[in-house]
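Everything on this sheet refers to the single structure shown next.
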Amino acid sequence: MATTLKQALKTHFGFDNFRSKIQEDVVRAVVKGDKDVFVCMPTGAGKSLCYQLPAVLAPGITLVISPLIALIQDQVDRLKSLNIPACTINSKLPVGERRLILADLGSSSPKLKLLYITPEMVASPSFSPCLTDLCTRGLLSYLAVDEAHCVSQWGHDFRPDYLKLGNLRKRLKGVPCLALTATAPKNVQEDILQSLAMRTPLSFVTPVFRSNLHYDVIFRELLPNPYAHLHAFIQKALALDSGSKRQGCGIVYCRTRESCEAVAHQLTKLGVSAKPYHAGLKTGDRTEAQNEWMEGKVLVIVATISFGMGVDKASVRFVAHWNFAKSLASYYQESGRAGRDGLPSSCRIYYSAKDKEQLNFLIRKEISRKQAKNGTAKETDKAAITDFDAMVSYCVQEACRHATISKFFGDKTPNCAGACDFCCNPKLVRAQLERASSLSTQ
Ligand code: ADP
Ligand code: MG
Ligand code: ZN
């Protein structure tokens, strides 16, 4: 079995090995097919393969639910380039193409292996009977729900249409279900399992704790020269002064375009090659900045959080947040872009009370704006505040940073072993807090 799965991986996808033990274990469990499977692995870990390889090996069709037509198109194009029969049906599809697909699906042995649709499509009266029909004829091998956190109101990306999937699940009796996501705190995980009616699923969850990441918090307002401080941090993280050949790079996240520009400018002045990346730049300039960073021509990209979606670079030695993140969940995701290669890497927040107040104000304003529009308070709004408060606590607590993050995601307390500022030197963390509080009462 081991050799045949690996052979299939090579034959169909051209990969010599599984990305990780967990990827292999998931594929094995899905192929076995006797249980539902829940997968929570970070972005870039290779979740798609967890259903794509079993889909290729199964006799029938795998139905994949994904939230965005753009995401779907990417995947379908990739699969087609590998000669794997995949397609999508959506409202934008020309009638002719749609007819061809439906004809194949209606035939006694369809050629299609993977059918991608958005959750809106699931409920569409023109398409829904086709799904039921496939199921009755025993032609559906798996139901894969990608970006499954979209089903939860606690998630950062709730999509009401995902709630329709519970119904779909009931209609597709006997079809094993696979749910995949990158971030799922405990409450979101529970929502996913419940909404998709996944009974005693096999869970594959990458542990939250990553021992190669060193987390710390620096209070920016206490620094005589914040830019010099950031510069020193970068020099150390990239070992720029040691003459070492190790090629590494880093990301500085800022909240506004202006601060991206300012930080990139200051770093360049201090002799580090840095470029800004934000929505205010022309598309060409943005792509150029990203490419130069990917190729290692630019060491540091100074970006708003729009940067990083789908960016998969192994040698990121540090992620610094010049401004506060809007939630602990997003902070974990953003900082987690460091150290994908498993080598020691640093994650730092430059905390500022002023920043925090501003963001607090913006989040609450946005919520009251939404409430004025909808007339009610929503779970998602409460979740946004809880998550923001968790971010604040993370910065101002005297506690292990790794433990705080793991606890937030419902994991057990990890063995930090000095991989955060508090565990290295609790006295320094306390001193910083004391200086900050005396500053604020002056
Ligand atoms: P995720 O959905 O977990 O964010 P993707 O499924 O988009 O990740 O995969 C991320 C990248 O990893 C893709 O470029 C994919 O081709 C690649 N990948 C997946 N599995 C393997 C593997 N076994 N070996 C090498 N590359 C892989
Ligand atoms: Mg994915
Ligand atoms: Zn610690």
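The values are calculated or read from the model by the stated rules, or taken from the named source; none is laboratory data. Keep in mind it's a predicted model, so treat the numbers as computed, not measured. Backbone-built Cβ (ideal geometry, glycine too); neighbour counts: all protein chains shown. Ligands, DNA and RNA are stripped out before the accessible areas are found, and what is left, the full protein with its side chains, is counted by its heavy atoms. Shrake-Rupley method; radii C 1.70, N 1.55, O 1.52, S 1.80 Å.
Taking all pairs of different Cα atoms in region 345-442, averaging 1/r and flipping that mean, what Kirkwood radius in angstroms comes out?
It is 15.6 Å.
Can you give me the angle between helix 48-57 and the longest principal axis of the chain, using Cα atoms only, in degrees from 0 to 90, rounded to the nearest 10?
Helix 48-57 sits at roughly 20 degrees to that axis.
Cα-Cα over 20 Å: which of Lys47/Lys164; Lys6/Lys47; Lys186/Lys382; Lys326/Lys407; Lys113/Lys170; Lys92/Lys170? Walk me through the numbers on the way to the answer.
Values: Lys47/Lys164 23 Å; Lys6/Lys47 16 Å; Lys186/Lys382 16 Å; Lys326/Lys407 18 Å; Lys113/Lys170 22 Å; Lys92/Lys170 27 Å.
Flagged as over cut-off: Lys47/Lys164; Lys113/Lys170; Lys92/Lys170.
Averaging the inverse of every distinct alpha carbon separation and then flipping it gives the Kirkwood radius. What is it for region 84-195, in angstrom units?
15.0 Å
All other residues with a Cβ under 15 Å from the Cβ of Ile367 taken together, and with Lys, Arg as +1 and Asp, Glu as -1, what is their net charge?
Net local charge, Ile367 excluded: +3.
Keeping every protein chain in place, order Asp381, Asp104 by accessible area at 1.4 Å, biggest value first, i.e. largest first.
Sorted by accessible area, descending: Asp104, Asp381.
Counting heavy atoms of the protein chains only and a 1.4 Å probe, report the per residue accessible area for the chain as a whole number of Å².
Value for the chain: 47 Å² per residue.
What is the angle, in °, between the Cα long axis of helix 226-237 and the longest principal axis of the Cα atoms in the chain? Nearest 10 is fine, range 0 to 90.
60 degrees
Around Tyr253, what is the net charge, scoring Lys/Arg as +1 and Asp/Glu as -1 over all other residues with Cβ under 10 Å from its Cβ? Could you put the intermediate results ahead of the total?
Details: positive: Arg255, Arg337; negative: Glu334.
Local net charge: +1.
Would you mind telling me the share, in percent, of accessible area of the chain contributed by carbon and sulfur at probe 1.4 angstrom?
56 percent
How big is the chain by Rg and Dmax over its Cα atoms, in Å?
Considering the chain through its Cα atoms, Rg and Dmax are 23.6, 79 Å.
Any idea what angle helix 95-106 forms with the longest principal axis of the chain, computed on alpha-carbon atoms, 0 to 90 degrees, nearest 10?
Relative to the chain, helix 95-106 is tipped by roughly 60 degrees.
Could you compute the FRET efficiency for Ala228 and Arg171, with r as their C-beta to C-beta distance and R0 at 60 Å, rounded to 0.05?
The pair Ala228/Arg171 has a calculated efficiency of 0.45.
Shape of region 54-145 from its Cα gyration tensor (a ≥ b ≥ c, root eigenvalues): rounded if a/c is under 1.5, otherwise prolate when a/b > b/c, or oblate? Walk me through the intermediate numbers first.
Numbers: a/c = 1.30, a/b = 1.04, b/c = 1.25.
Because its axes are fairly even, with a/c under 1.5, region 54-145 counts as rounded.
Label region 202-307 by shape, choosing from rounded, prolate and oblate, from the square roots a ≥ b ≥ c of the eigenvalues of the Cα gyration tensor; if a/c is under 1.5 it is rounded, and otherwise prolate applies when a/b is larger than b/c, oblate when it is not.
rounded
Is the shape of region 12-90 best called rounded, prolate or oblate, per the rule: a/c under 1.5 gives rounded, else a/b larger than b/c gives prolate, else oblate, with a ≥ b ≥ c the square roots of the Cα gyration tensor eigenvalues?
rounded
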